[in-house]
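Heads up, the thing below is written out as structure tokens.
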Amino acid sequence: MSMQENVRQLDVRPQLHRKLDPFQLIMKTVRELGREEMLILHATLKPVPLFGLMKLKGFASRTEQVGERYWITAFLHKSQDQARLAGLQLNRWAVPHLEDEGSAVGTEEETPAGREGEAGGAARDQAMAADHGRADLDNRGLEPPQPMVRTLSALEHLAPGGTLTIHNDRTPVFLLEELHRLGYTYQSVTQADGSAIIWILKPAT
């Protein structure tokens with residue numbers, strides 16, 4: 001990680017190449033950001049699951065594919081001058097890693113008023129079912145960090161006192177740590193096939 005020009009960089013490609021979930025590291029970095037700092041995230045995929053969650057946290061984003069399996073995304077808090085984001089050339093931050101080399105393919109922007117990421121939007125839609133009081137998410141088959149991001153996004157939209165039931169490929173250790181930190185009550189039950197069903201109760205206040 002490096003910092004310059006009010007920019008903090010985070011490269012999670014090593015974790016993704018090893019099939020590790022970088023969500024905890026990303027959220028830790030977001031919590032440490034100064035209000036004027038921009039986060040430059042390096043990843044092996046377009047971080048669609050993060051767009052909705054970061055929007056809820058008040059961030060706009062701009063993303064660019066700079067190589068095969070190499071995406072750079074910038075996040076900037078909406079309280080800051082968005083011209084910084086609009087005029088940013090993300091490929092200037094490109095750093096080759098393993099096989100991630102190639103030319104830029106395209107650039108997209110996600111602003112606070114823009115659309116949410118597909119995974120975040122799907123989680124929100126399901127969380128708003130049944131009068132916002134109960135929702136179910138099937139996270140099986142999704143690559144990290146999508147299960148964790150979808151779950152936290154759904155909880156953001158769930159009504160206080162509501163319950164969310166999720167089904168994951170395995171016990172989501174990092175998610176359970178985050179739920180504990182946020183003050184949620186939960187119960188996790190491992191199924192015969194190794195998957196896990198977790199019932200989560202959102203605090204009433």
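Looking at the stretch 171-194, can you tell me whether even one residue there is farther than 25 Å from PHE51 by Cβ and among the hydrophobic types (A, V, I, L, M, F, W, C)?
Scanning the stretch 171-194, I find at least one residue that is farther than 25 Å from PHE51 by Cβ and among the hydrophobic types (A, V, I, L, M, F, W, C), so the answer is yes.
Considering each of GLU109, GLU116, GLU177, GLU143 in turn, give the residue that is modelled with pLDDT under 85 and part of a helix (DSSP H, G or I).
Values: GLU109 fails: part of a helix (DSSP H, G or I); GLU116 fails: part of a helix (DSSP H, G or I); GLU143 fails: part of a helix (DSSP H, G or I).
Checking each option against the conditions leaves just GLU177.
Yes or no, residue by residue, for (1) touching a residue at least 40 places away in the same chain (Cβ under 8 Å); (2) in contact with a strand residue (DSSP E or B) (Cβ under 8 Å, 6 or more places away or on another chain):
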| position | (1), (2) |
| --- | --- |
| LEU20 | yes, no |
| PRO49 | yes, no |
| GLY58 | yes, yes |
| GLY67 | no, yes |
| THR73 | no, yes |
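Considering every residue within the stretch 72-80, establish whether at least one is aromatic (Phe, Trp, Tyr), touching a Ser or Thr at 6+ places or on another chain (Cβ under 6 Å) and outside the structural domain of VAL149 (by TED's automatic domain parsing). Steps first, please.
Filtering the stretch 72-80 for residues aromatic (Phe, Trp, Tyr) gives 75.
If we keep only those that are touching a Ser or Thr at 6+ places or on another chain (Cβ under 6 Å) too, we end up with 75.
If we keep only those that are outside the structural domain of VAL149 (by TED's automatic domain parsing) as well, we get 75.
Taking every residue of the stretch 72-80 in turn, at least one turns out to be aromatic (Phe, Trp, Tyr), touching a Ser or Thr at 6+ places or on another chain (Cβ under 6 Å) and outside the structural domain of VAL149 (by TED's automatic domain parsing).
Need at least 2 residues that are over 13 Å from the mean Cα position of the chain (by Cα) and farther than 16 Å from ALA74 by Cα per element, so show me which helices (runs of 4 or more DSSP H) inside the stretch 11-59 make the cut, counting only ones lying wholly within it. Give the steps one after another, and end with the answer.
Working: elements: 13-17, 23-32, 48-56.
Output list reads 13-17.
Identify all residues within the stretch 7-35 that are in contact with a Ser or Thr (Cβ under 9 Å, 6 or more places away or on another chain) and either of a type in the set (D, E, K, R) or closer than 18 Å to GLU68 by Cβ (or both); write none if there are none. Steps first, please.
Initial filter on the stretch 7-35 (in contact with a Ser or Thr (Cβ under 9 Å, 6 or more places away or on another chain)): 8-10, 12-13, 16-17, 35.
Across the stretch 7-35, the qualifying residues are ARG8, VAL12, ARG13, LEU16, HIS17, ARG35.
The values are calculated or read from the model by the stated rules, or taken from the named source; none is laboratory data. Source: prediction; values computed, not measured. Cβ atoms come from the backbone with ideal geometry, glycine included; neighbour counts cover every protein chain shown.
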